[in-house]
1. Every residue in segment 187-206 that is outside any loop (DSSP other than H, G, I, E, B), under 19 Å from Val146 (Cβ atoms) and of a type outside the set (A, V, I, L, M, F, W, C), please.
2. Considering Gly231, Gly132, Gly153, Gly210, which residue is without any contact (Cβ under 8 Å) to a residue 40 or more places away in the chain and either surrounded by 13 or more Cβ atoms within 10 Å (Cβ to Cβ) or outside any strand (DSSP E or B) (or both)?
3. For the list (1) in a strand (DSSP E or B); (2) more than 17 Å from Leu127 (Cβ to Cβ), I need the number of the one condition that Trp176 fails.
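FYI, it's all coordinate maths here, none of it is from the lab. Since the structure is predicted, the reported quantities are computational estimates derived from the model, not experimental observations. Backbone-built Cβ (ideal geometry, glycine too); neighbour counts: all protein chains shown.
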Amino acid sequence: MISIGGKLMKKILMLVCVTALCGITLFAQDLFGQDNDKRISRTVEKSNTHVAAVTPETLTKIYTNLGVATDAYNDDIGWTVSGPENSVIGEAISVAMAFTPASNSTVTEVQLAIGYAEGDNQVNIALYNDSGSNTPGTLIDGPVTVKKLPDFGTCCKLATAKFPSGASVTAGSQYWVVAEEPTSGTGSDTWVAWSWVNLPNFLFAGNDNGAGWVSTNTTVSSPPPAGSVLGTVP
């Protein structure tokens, strides 16, 4: 039988603990980015076979930043949307995408590249006007609860929220599509990811733990969340 001295055993245990901690740190960095930023979700692509994103032919694209149908967004990285009771994120994070219609229009549907990661499989989608400071202002329609989201890491199914009554938007005015989770009850433990699209100069905003919206004019290294706003144009 091999006997290990007390000091040697302590060193081995310390090495095991350090290795385990390093593994946890690397896991967190892999999930949240090199700077361990929980606002950024990462995953491994689950399928290299892409299903085409489908847009209803009866609706007009009021706004879109999606790519081609079979490569509409980056399926392995996106902005975190989470409820405060999620065991991994541990905080409430909401994300908003800005859009400016070219014509007076009525929004009846939005299609967003939001994928499911953990918790209840759902997300709340709403339309807001602009606050006047490049952030979401007051609610104009919704929220609509969208369930059965595609898995984060797959492409290119879209989460669809429908607004049956229609929300009127004015040409040249800025509006926002907001994705968030409830602060309590069903959905408060949810973590989803709003996938990126590699385009600069698109405005989006985030709200962490109810601290207020902060907007960002995206760059190549900080891309916007991907989606389309659909409806009718008189």
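1. Ser195
2. Numbers: Gly231 fails: without any contact (Cβ under 8 Å) to a residue 40 or more places away in the chain; Gly153 fails: without any contact (Cβ under 8 Å) to a residue 40 or more places away in the chain; Gly210 fails: without any contact (Cβ under 8 Å) to a residue 40 or more places away in the chain.
The conditions single out Gly132.
3. (2)
For (1) of a type in the set (D, E, K, R); (2) farther than 27 Å from Ala102 by Cα; (3) under 15 Å from the mean Cα position of the chain (by Cα), each residue gets a yes or a no:
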position	(1), (2), (3)
Gly153	no, yes, yes
Ala159	no, no, yes
Thr170	no, no, no
Ser173	no, no, no
Val177	no, no, yes
Thr183	no, yes, no
Ala193	no, yes, yes
Asn209	no, yes, no
Ser222	no, no, yes
